[in-house]
Amino acid sequence: MRSAAARAATKKACRRGAGVGAAQADGVHRALSPKVRQFSTGQRMLIAAFLVDNSFAFMQKRELDRPNDPHLIAYYAGLTAVFWPSWLLFCVIGIFAGNIVPASWQLEFAIPLSFIAILVGSVRSVPMAAAAVVGGFASVLLFSLPLKLGLVVACLAGLLAGVFAEKGVHWWTSHKAG
Amino acid sequence: VDVTQSWIVVLGLAVGTFLIRYSFIGLLADRDMPHWLERALKLMVPAIFAAIVLGGVVMVGGQVADLSHWPRYAAAAAAFVAAMASRGSMLLTVIVGMTALHGLPWLLR
């Protein structure tokens, strides 16, 4: 293995890979599913293979801003043409620059910061906020679980909180109306 | 960790993450998802991102960061405000957060 920085990066990627991957695939799936139906297996594989965090975030925003956009696939292709090569390029730069940039710069802190932007953009209702709050705190409480299971369990806890919050909101609105 | 082992990890990650992504796009797109699953997955996005954010801000070396790490908390709060104000602008959020992380201790030194 090349360096401590590279190893840390791989570990980080492993840790968040599963959860984010699923959330991402779901987000893009929800945005694309009516359009994806017309595509072959090979074309779908291409869509899945070139999916990165950034295009996921943009697809999500696009779907919320312009529902039923008929050119969504073209939008995705355009995003991918820019994001995927730059993702790769800056990963490589990061692996090498990781040995040069001093640790005191705490550049790795930019990762959770960038996710704050996605998080704020993705919360659009009270149940979603409940899912975020519970998921966030659970991930800290459960951090010591082996195999990074904490993240998975925290996600489930957040999900559950969101479902309960939905029920609560539903009860509240029907109660006020009645 | 030798070179072969590294490549096995890399290939495993490549196949694994691809399968997770493809499972939704490739296999589920043809059928309508049950309503409850779709609702639950919609909640999963904020839950997982919040879990990553809080884990990344609060945990340092496997421990909850104590008050000596206050710039982390201050920077995250500043980034949160920037994200709210800019309706989720990633560039602005990161710039404000990193500036706060290094700028606040420098101002108060």
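The values are calculated or read from the model by the stated rules, or taken from the named source; none is laboratory data. Note that this is a predicted model, so its numbers are computed, not measured. Neighbour counts are summed over all protein chains in view; Cβ atoms, including those assigned to glycine, are modelled from backbone coordinates with ideal geometry. To get the accessible areas, we keep the full protein, side chains included, count just its heavy atoms, and leave off ligands, DNA and RNA. Shrake-Rupley method; radii C 1.70, N 1.55, O 1.52, S 1.80 Å.
If you scan region A:32-61, which residues turn out to be open to solvent by 80 Å² or more (accessible area, probe 1.4 Å), under 18 Å from the mean Cα position of the chain (by Cα) and at pLDDT 75 or above?
The answer is A:F58, and nothing else.
Of the residues that make up region A:157-167, is at least one in a helix (DSSP H, G or I) and touching a residue at least 60 places away in the same chain (Cβ under 8 Å)?
For region A:157-167, residues in a helix (DSSP H, G or I) and touching a residue at least 60 places away in the same chain (Cβ under 8 Å): absent.
Please go through region A:156-177 and give me each residue that is more than 22 Å from B:A65 (Cβ to Cβ) and either among the charged types (D, E, K, R) or open to solvent by less than 50 Å² (accessible area, probe 1.4 Å) (or both), ordered by number.
Residues satisfying the conditions are A:L159, A:A161, A:G162, A:V163, A:A165, A:E166, A:K167, A:G168, A:K176.
Determine which single condition B:R87 fails, assuming it passes every other condition in (1) over 17 Å from A:L107 (Cβ atoms); (2) open to solvent by 40 Å² or more (accessible area, probe 1.4 Å); (3) part of a helix (DSSP H, G or I); (4) modelled with pLDDT of 85 or more.
The failed condition is (3).
Of everything in region A:98-121 that's in contact (Cβ under 8 Å) with a residue 60 or more places away in the chain and more than 7 Å from every other protein chain (Cβ to nearest Cβ), which residue is farthest from B:H102 (Cα to Cα)?
Per the criteria, the residue is A:N99.
Of the residues B:A74, B:A50, B:A78, B:A100, which single one is assigned to a helix (DSSP H, G or I), facing chain A (nearest Cβ under 9 Å) and small (G, A, S)?
After ruling out the rest, the residue left standing is B:A50.
Is it true that some residue in region B:84-93 is without any contact (Cβ under 8 Å) to a residue 40 or more places away in the chain, more than 9 Å from chain A (Cβ to nearest Cβ) and farther than 25 Å from A:D65 by Cα?
No: region B:84-93 contains no residue that is without any contact (Cβ under 8 Å) to a residue 40 or more places away in the chain, more than 9 Å from chain A (Cβ to nearest Cβ) and farther than 25 Å from A:D65 by Cα.
Filter region B:11-30 down to the residues that are loosely packed, with under 12 Cβ neighbours inside 10 Å and part of a helix (DSSP H, G or I), then identify the one that is nearest to the chain's Cα centre (by Cα).
Step by step, filter region B:11-30, then rank; the result is B:A14.
Please pick out the residue among B:M44, B:M33 that is more than 25 Å from the chain's Cα centre (by Cα), aliphatic (A, V, I, L, M), closer than 24 Å to A:A132 by Cβ and surrounded by 10 or more Cβ atoms within 10 Å (Cβ to Cβ).
The conditions single out B:M33.
Quick grid of which residues meet (1) in contact with a Pro (Cβ under 6 Å, 6 or more places away or on another chain); (2) closer than 30 Å to A:L46 by Cα; (3) modelled with pLDDT of 90 or more:
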residue	(1), (2), (3)
B:T4	no, yes, yes
B:V15	no, yes, yes
B:L19	no, yes, no
B:A40	no, yes, no
B:A47	no, yes, yes
B:D66	no, no, yes
B:A74	no, no, yes
B:A77	no, no, yes
B:L92	no, no, yes
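What are the residues in region A:88-135 that are hydroxyl-bearing (S, T, Y), more than 17 Å from B:A82 (Cα to Cα) and not in a loop (DSSP other than H, G, I, E, B), if any?
Once the filter is applied, which keeps residues that are hydroxyl-bearing (S, T, Y), more than 17 Å from B:A82 (Cα to Cα) and not in a loop (DSSP other than H, G, I, E, B), region A:88-135 yields only A:S104.
Out of region B:92-109, which residues are within 22 Å of A:A132 (Cβ to Cβ) and open to solvent by 30 Å² or more (accessible area, probe 1.4 Å)?
B:L92, B:V94, B:V96
Taking the stated definitions as given, is A:F143 under 28 Å from B:V96 (Cβ atoms), at the interface with another protein chain (Cβ under 7 Å from one of its Cβ atoms), open to solvent by 50 Å² or more (accessible area, probe 1.4 Å) and modelled with pLDDT of 90 or more?
For A:F143, the condition - under 28 Å from B:V96 (Cβ atoms), at the interface with another protein chain (Cβ under 7 Å from one of its Cβ atoms), open to solvent by 50 Å² or more (accessible area, probe 1.4 Å) and modelled with pLDDT of 90 or more - is not met.
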